[in-house]
Structure formats: structure tokens, C-alpha cells
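Reading through the C-alpha cells given below for one structure.
The values are calculated or read from the model by the stated rules, or taken from the named source; none is laboratory data. Since the structure is predicted, the reported quantities are computational estimates derived from the model, not experimental observations. Please note: Cβ atoms are built from the backbone with ideal geometry, for glycine as well, and neighbour counts cover all protein chains shown. What goes into the accessible areas is simple: the full protein's heavy atoms, side chains included, and nothing from ligands, DNA or RNA. Shrake-Rupley method; radii C 1.70, N 1.55, O 1.52, S 1.80 Å.
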Amino acid sequence: MLKGKSLIEPSDFTLEEIDQILSLGNDIKNFPSKYTKACEGKLLATLFYEPSTRTKFSFESAMLRLGGNVIGFSDANTSSVSKGETLSDTLKTIECYADIAVMRHPKEGAPKLASKAIEMPLINAGDGGHQHPTQTLTDLLTIKSLKNDLNNLTIGLCGDLKFGRTVHSLVKTMARYENIKFVFISPEELKIPKYIKEELKNQELFETRNLEDVIDDLDILYMTRVQKERFFNEEDYLRLKDSYILDKQKIKNAKEDLLIMHPLPRVNEIHTNVDDDKRAVYFYQAKCGMYVRMALIMKLLGVDLNA
Ligand code: NCD
């Protein structure tokens, strides 16, 4: 039962629950008009303590397309945090008004802490360099809708694997499916954290610095932005920011059915000359993000049109 639950990490949900969300997301994607009143009278609060375009807009459009309403802030300085209010007090207050909340926060663990103060469902929309579970649901819906399966895949993750929370959530989740092979492509300084690798006991994994060496073997290539905001000094960022730039030439011999994904925003890591390639699915992925969030909101609010 997903009703009333919070989503802080992808492991909060069983694979069966994830599957229920993906199936509903897929139905909403195919028949959006069925759902235009699903959340009528319900209110979603969006608490963004860190910048966001896609995630915030996708949650807002998700709720509005379900017939619900949205309140929130996208700059912590305009909220009572600037007066010194604790996270728990902010959440307890918002719970008096809203039915469900979404939070993005620069501090790892902040949404988890906040969820303990309240009864209403809270969704983690990214906590520092830690986790980003709704991006993972987005990624899974994208893959499942295009490959029909989440098993038997070789998935390459390229770029900032150290600070990239989308990578951490996706790897931990994909590791729960069958026969997944991980290829981690990064500079030495941005390697996947040990604590994530330690969970991959039953998976084949390969680490390399060189994208060209492995690209032709991949079913999925998940490109990521170097996370400027998590660096301690500008010099390191400038040295590493253009470590990988995917272009037309590099995908010339890659598989016909490769999926080139990116959580967005991109900086330089995918040249715009890749955008027209049918294997480039990052804007489709952004669209899946809205549908899967519609499904998530419905499930956590316990809205079931077939009941
Ligand atoms: C990602 C994030 O915020 O972690 N963006 C997103 O939510 N789509 C990726 C990023 O910022 O690089």
C-alpha cells in the first residue's frame, strides 16, 4: 500500500510498488484525459531550498494536470527559514494546509528528517549529493517504455558519478533488477562512491575513464553534468567540467537501440548535434518525469480511479 507513504530513497518502495507506479505512469502517458480530475480538491506544497527547473515544474504541472492545486516557494530566503524557523516547524505548519509535499534541499538527509516530523506524505526531490528518487522513477519509466524491460541491460553512467545524486539513486535501484551490468565512466576524481559500489555484490561492474572504449557495448548511456555546486574549489571544477563531450562521431558505432539519457540540465556534456539522433531520449525522459510524478502523487494520496 503506497497511500500515506513518503518517498525519501528509492529503497523505501518494493519493486512491486515501483512497478505499480510505472504502470500507472504509462497509462497516464497514453490516456492523459482520463486523469484530469483525479486530484481535484487536493493541494501539493513544493518546498525548494535549492534551485530547480525541471523537477519543480514537472511536479507542479503533474499536480495541475491531475486537477489539483499547488503552493510553495523556490527560494528559501522568501520563506520563514530566513527568520530562523526549523525545518520541522516549517513542515508541521505546511501540513496544516497541504495534503502532500515535495522538498529539495542542499543538505543530505534533510527530507528524511523533515518526514519524521509530519504525517502527510513527503517526496524527496533531491537532497544534496545523496539521492533523487523521483528522477529514478523518471528514468525507469523512460527505459521501460522504450525497452519493455528493466532487466538484462548494460548501463553506462558517465560524468560526475561522485556528486551526481541521480546516478546514486539509479544505480541502487537498477541493482535490484536481474542481470544488470554497470559501466562507470568518470575521471579519477569523480568516481562512484565506495558506499554505492559496496552494494553491488551481485552485479558485474567495470570502471573506466574512457568513454570511447566502452560506448559500443552499451544499451543505455546515462550522461551527467559535473555538479559545480558541490565542488569546494572553482579550479577543480574548471579542470573537470569538460571531461566528456558526447558528439555524433562518438556514437557512430554504438548500438542501434542505445538509449542516450541525461537527467538535464546539460552544460557541455552532450553536443547539440546528438539531439536529432533517434537514440537521444533526454527530452522524452523529461516528459516521462511529469507522467511518473502524476502517478506517484496519485498513489501516495491513495487516489484510485478504478476503486
Ligand atoms: C538533476 C539534479 O537536480 O540532481 N536535475 C534534475 O532534477 N533533473 C541533475 C543535475 O542537476 O545535474
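Looking at the stretch 23-35, I want the residues that are under 15 Å from GLY302 (Cα atoms) and have a partner that is modelled with pLDDT of 95 or more and not small (Gly, Ala, Ser) with Cβ atoms under 6 Å, at least 6 apart or on another chain. Which pairs are those?
Close Cβ pairs satisfying both conditions: GLY25/LEU141; GLY25/TYR291; GLY25/VAL292; TYR35/ILE28; TYR35/LEU66.
Restricting to the stretch 144-158, what's the tally of residues that are within 16 Å of the ligand (Cβ to nearest atom) and more than 16 Å from the chain's Cα centre (by Cα)?
Count: 0.
Provide a single number: the residues in the stretch 38-71 that are within 16 Å of the ligand (Cβ to nearest atom) and in contact with a strand residue (DSSP E or B) (Cβ under 6 Å, 6 or more places away or on another chain).
Qualifying residue count for the region: 10.
Might you let me know whether the stretch 173-192 holds any residue that is open to solvent by 40 Å² or more (accessible area, probe 1.4 Å), within 16 Å of the ligand (Cβ to nearest atom) and in contact (Cβ under 8 Å) with a residue 40 or more places away in the chain?
No, because not a single residue in the stretch 173-192 is open to solvent by 40 Å² or more (accessible area, probe 1.4 Å), within 16 Å of the ligand (Cβ to nearest atom) and in contact (Cβ under 8 Å) with a residue 40 or more places away in the chain.
With the structure loaded, tell me whether LEU137 is touching a Cys at 6+ places or on another chain (Cβ under 6 Å) and within 15 Å of GLN285 (Cβ to Cβ) or whether it fails that test.
no
A quick yes/no check of all residues on (1) at pLDDT below 95; (2) under 30 Å from ASN210 (Cβ atoms); (3) open to solvent by less than 40 Å² (accessible area, probe 1.4 Å):
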| residue | (1), (2), (3) |
| --- | --- |
| LEU246 | no, yes, yes |
| LYS250 | no, yes, no |
| ILE260 | no, yes, yes |
| ILE270 | no, yes, yes |
| ASN273 | no, yes, no |
| LYS278 | no, yes, no |
| VAL303 | no, no, yes |
| ASN306 | yes, no, no |
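So, in the stretch 4-62, how many residues would count as being closer than 30 Å to LYS107 by Cβ and charged (D, E, K, R)?
Here the count works out to 9.
Can you tell me how many residues in the stretch 106-143 are within 10 Å of the ligand (Cβ to nearest atom) and at positive phi?
Matching residues across the stretch 106-143 total 2.
Would you mind stating whether THR86 is in contact with a Lys or Arg (Cβ under 6 Å, 6 or more places away or on another chain) and more than 16 Å from the ligand (Cβ to nearest atom)?
no
How many of the residues in the stretch 232-242 are under 11 Å from ASP160 (Cα atoms) and open to solvent by 40 Å² or more (accessible area, probe 1.4 Å)?
2
Which residues, counting only those in the stretch 51-87, are polar (S, T, N, Q) and either in contact (Cβ under 8 Å) with a residue 40 or more places away in the chain or surrounded by 13 or more Cβ atoms within 10 Å (Cβ to Cβ) (or both)?
SER52, THR53, THR55, SER58, SER61, ASN69, SER74, SER79, SER80, THR86
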